[in-house]
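Chemist: Below you'll find the structure I mean.
The values are calculated or read from the model by the stated rules, or taken from the named source; none is laboratory data. For clarity, every value in this text was computed on a predicted model and none was experimentally measured. Don't worry about glycine lacking a Cβ; one is built from the backbone with ideal geometry, like all the others, and counts go over all protein chains shown. With ligands, DNA and RNA removed, areas are computed over all heavy atoms of the protein, side chains included. Shrake-Rupley method; radii C 1.70, N 1.55, O 1.52, S 1.80 Å.
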Amino acid sequence: MAQTLACLRGWNIPLAQAELAALLPDSNLDNLSSRFILAGEQSIAKLQSTLSCSSGIQCFLHDVQYMDFANDDIDEFMKTVSSFLERMPKRGSLAVRYLRIAGRIDGLSTQSLAGEIGGLAVSHGYSVDLSNPEYEIGLIADGDSNILACGWLIGDFDDSIGTAPRRATERPFFRPISLDPRLARLAVNLACGPIDEYAVLDPMTGTGGFAMEAITMGRNCIAIDMDNEMITGAKQNIEWALENSSAESEYQIMIGDACNLEDSIPTKWHGKISGVVLDPPYERNSHGTHAHFELISNTIDSMRKVVSDEAKLVLIIPIKPDESDIDIQLMHGDWNEFVSMMSHSGAKIIGHWHEHVHASLARLILLATIAPQD
Ligand SMILES: C[S@@+](CC[C@H](N)C(=O)[O-])C[C@H]1O[C@@H](n2cnc3c(N)ncnc32)[C@H](O)[C@@H]1O
């Protein structure tokens, strides 16, 4: 069986692992290390479409060969690379690209080894073309685990994620509430899984952070906000983002109340919402109570009337920047009360991750199943 290896980006590894699992739901994933995940046998087309929407996956190595550089024999590894080249029916021009993640592997020159593999490829009938090759081999050395992996490269080693041009401060309509596109993209994938004909729902879209990512990756999307200024601004941002995108999707950006989604969302989308991404406001009301718990609970009640059976919710909430998973401290309100509110609303928390914002603020990215209701 030709195994595939996913190589994850380093900006938030646990979140990237969760995104990979969401985008390849039918695969048995097996962690070789925190950033190297074996993903079984996959078609090239599936790997390309997964990469094109992902935020946390750097690349895939198809038909991967790997070794533990600290314990295994490099000569044996080169023999497996040689037979991997031999069994491929491909002939043509090829380049070997190399990448080091998480520092160096002691005693290994990844660059020299890439040169050796290039020489091996030539002896198998390939020609080398570094600028415009027909095929690329990826050689990745993980300094954290000492694992060295080599396979057909799907994607590239460019570390500037495709979301960079849509950074919040570059957009025509910016507010401090605007989400980082890298996180927004990952949240959409976590909630919705592989791209399908259903729609992503962003019921409190603000400046359109989630919607922009959903639409530019080719997902159908419904974005709602109760504030007219936000709707005008979100539309402006989406049109701007689409200027540099060839994605085709159906989307609607509209005024509405997240607590009454049934009336706002066109009936053709009822039952056809693949996932919900929610970034609610957090203000105390005039009595100092936490009205946002009620707002979230009412929004969950209302989304349950329009989502599909498999839909998940990703909710982003501000927390104090403590890495502890046991003692989560919300910026506004009590964690245990929050968990109880979620479960009373029909949302079952199935995962949560932290994302650092600055010294005094982090975000909790929370994944929940939401049982639809008639
Ligand atoms: C934190 S902001 C969302 C920021 C957004 N993720 C972005 O990238 O810009 C919350 C938004 O929820 C909207 N909102 C608050 N209550 C709402 C409700 N009941 N229905 C719809 N939108 C609501 C606010 O107008 C605000 O734009």
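Chemist: Whole number please: convex hull volume per residue, Cα atoms of region 4-155, in Å³. Please report the intermediate quantities before stating the final value.
Modeler: On the way: hull volume 16.6 nm³, N = 152.
Dividing the Cα hull volume of region 4-155 by its residues yields 109 Å³.
Chemist: Cα centroid distance between region 8-57 and region 102-137, in Å?
Modeler: So the separation of the two Cα centres works out to 24 Å.
Chemist: Where does helix 291-303 land angle-wise versus the long Cα axis of the chain, in degrees 0 to 90, nearest 10?
Modeler: Helix 291-303 sits roughly 70 degrees off the main axis of the chain.
Chemist: If you only keep lysine pairs separated by 8 or more in sequence, or across chains, how many in the chain come under 17 Å at the Cα atoms? Mind dumping the intermediate values first?
Modeler: Details: 268/305; 272/305; 272/312; 305/348; 312/348.
The result is 5.
Chemist: Same structure, new question: Return the inverse of the average 1/r over all pairs of distinct C-alpha atoms in the chain, which is the Kirkwood hydrodynamic radius, in Å to one decimal. All intermediate terms of the calculation are to be shown ahead of the outcome.
Modeler: Working: mean 1/r = 0.0451 Å⁻¹.
By the Kirkwood definition, the hydrodynamic radius is 22.2 Å.
Chemist: Counting other C-beta atoms within 10 Å, and keeping those with at most 14, which DSSP coil GluC sites (Glu not before Pro) do you find in region 94-146?
Modeler: On the way: sites: 116, 134, 136; in loops: 134.
Loop-located and lightly packed - 134.
Chemist: Select from 313, 23, 113 the residue whose mean-square fluctuation is largest in a Gaussian network model of the chain (Cα-Cα springs shorter than 10 Å).
Modeler: 113
Chemist: Where does the chain land at 222 nm, in deg cm²/dmol rounded to the nearest 500, when only DSSP H runs of n ≥ 4 count, each adding -39500 (n - 2.57), divided by all residues? Please report the intermediate quantities before stating the final value.
Modeler: Details: 10 runs with 111 residues, N = 374.
Computed ellipticity for the chain at 222 nm equals -9000 deg cm²/dmol.
Chemist: Sticking with this one: Would you work out what percent of the accessible area of region 225-358, with all protein chains in place, is carbon or sulfur (probe 1.4 Å)? Could the numbers behind the result be given before it?
Modeler: Values: 3190 of 7070 Å².
So the carbon and sulfur contribution to the accessible surface is 45 percent.
Chemist: Moving on to the next point. Share of region 4-155's accessible area from carbon and sulfur, percent, 1.4 Å?
Modeler: Working: 2890 of 6320 Å².
Roughly 46 percent of what the probe reaches on region 4-155 is carbon or sulfur.
Chemist: Would you mind getting the accessible area per residue of region 144-227, heavy atoms of the protein chains only, 1.4 Å probe, in Å²?
Modeler: I get 32 Å² per residue for region 144-227.
Chemist: Just subtract the alpha-carbon distance of residue 356 and residue 73 from 0.36 nm times their residue separation and send over the number in nm, one decimal. Walk me through the numbers before you get to the answer.
Modeler: Details: separation 283, 0.36 × 283 = 101.88 nm, distance 3.97 nm.
Working it through step by step, the gained length comes to 97.9 nm.
Chemist: For residue 371, list long-range residues whose amide hydrogen, built 1.01 Å from N in the peptide plane, is under 5 Å from its own amide hydrogen.
Modeler: Here 348 satisfy the definition.
Chemist: Right, another one. Based on DSSP, what percent of beta bridges with both residues in the chain are antiparallel, to the nearest 5?
Modeler: Values: 43 of 69 bridges.
Here the antiparallel bridges make up roughly 60 percent for the chain.
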